[in-house]
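Presented below is the structure to which this report refers.
The values are calculated or read from the model by the stated rules, or taken from the named source; none is laboratory data. Fair warning: this is a prediction, and the values are worked out from it, not measured in the lab. Every residue, glycine as well, gets a Cβ built from its backbone with ideal geometry; the counts of neighbours run over all protein chains shown. The protein model used for the area step is the full one, side chains on, heavy atoms only, and it has no ligands, DNA or RNA in it. Shrake-Rupley method; radii C 1.70, N 1.55, O 1.52, S 1.80 Å.
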Amino acid sequence: MKGYTREMRTPFIAGNWKMHKTIGEAVALANELVQAFGSVQDTTIMIAPPFTALSAVAPIISGTTIALGAQNMASELSGAHTGEVSALMLRDIGVSHVILGHSERRHVYGESNELINKKVKLALEQGLTAILCVGETEQEREQGITNKVVGEQCEKGLAGVSSEQMKKIVIAYEPVWAIGTGKTATPEDADATHEVIRKLAASLYSREVADKLVIQYGGSVKPDNVKELMAKENIDGALVGGASLTAAQFVPIVNF
Ligand code: PGA
């Protein structure tokens, strides 16, 4: 975006393992990733194994530059919430980042902007970095309301978040129609939506917040398309699903 300072943002590549990998498989992949880039300095790297593998992966990546992420968390800190996982429990294991509002949470499990906002605020209060996922469906794109939908998801997801807290917010723009489908937004289209998000951050907060805001792209990111996506001025990283499940694919993505 014209005049905005890309140098203020460190590239951030994250792997979302979704509901894949037993503990043994997760440990094996984590070990491979540590070998490959445990000391990479110029890129933030995060992996989000399933909840059941977090405590096994934590000691493997501890002391490396790979951060531990969770794929979701409860909107409450404790209590009678059968099946939920609290931010306190995540911190206890060594989790530093949490993915919130992923499209599978929104569209398959019915999470609303309001619920996601509650989670975002709780994550920040607990000192976690929140990756807030936003993105339009195919139908919304065809209706020409991408910017409206994404803008609303950002605005409602960030309600009550202070400028200071924005330092621990990452936005992941993931067009729903591109997730797990092999279809990627063109780098130009993705960059245009990222620019809309950055301008919104400037108007909701300040130019400085917008300059520093890391905006990842997600949706069928692969070794062969990551470079052209990352070349765009407003694309600061990637949230990778399918291609984060093997070192053979994830390592070249991180080394874009
Ligand atoms: P994908 O998933 O890379 O498999 O499309 C991305 C995501 O859902 O975060």
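Quick look at the numbers
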item: Full-extension gain in nm, LYS168 to GLU25, via 0.36 nm per residue minus C-alpha separation; result: 48.5 nm
item: Three semi-axes of the equivalent ellipsoid, the stretch 206-256, Cα gyration tensor, whole Å, largest first; result: 24, 10, 8
item: In Å², nearest 10: area of LEU124 left accessible to a 1.4 Å probe; result: 20
item: FRET efficiency, SER203 to THR65 (Cβ-Cβ, R0 41 Å, nearest 0.05); result: 0.75
item: The stretch 150-207 and the stretch 105-140: distance between their alpha carbon centers, rounded to Å; result: 12
item: Gain in span if fully extended, GLU32 to ILE93, counting 0.36 nm per residue against the direct Cα distance; result: 19.9 nm
item: Residues of type lysines that LYS121 reaches as a straight line, Cα spacing below 20 Å, ignoring anything fewer than 8 places off in the same chain; result: LYS156, LYS167, LYS168, LYS212
item: Theoretical gain in end-to-end length, SER55 to MET8 [0.36 nm per residue, Cα-Cα removed]; result: 13.7 nm
item: Given the chain, longest segment not containing exposed loop trypsin sites (Lys or Arg not before Pro) (DSSP; at most 15 other Cβ within 10 Å); result: 3-182
item: Protein accessible area in the stretch 6-254, 1.4 Å probe - carbon and sulfur %; result: 51
item: Furthest towards positive pole of dipole, ALA123, HIS107, THR181, structure part the chain, Cβ charges; result: ALA123
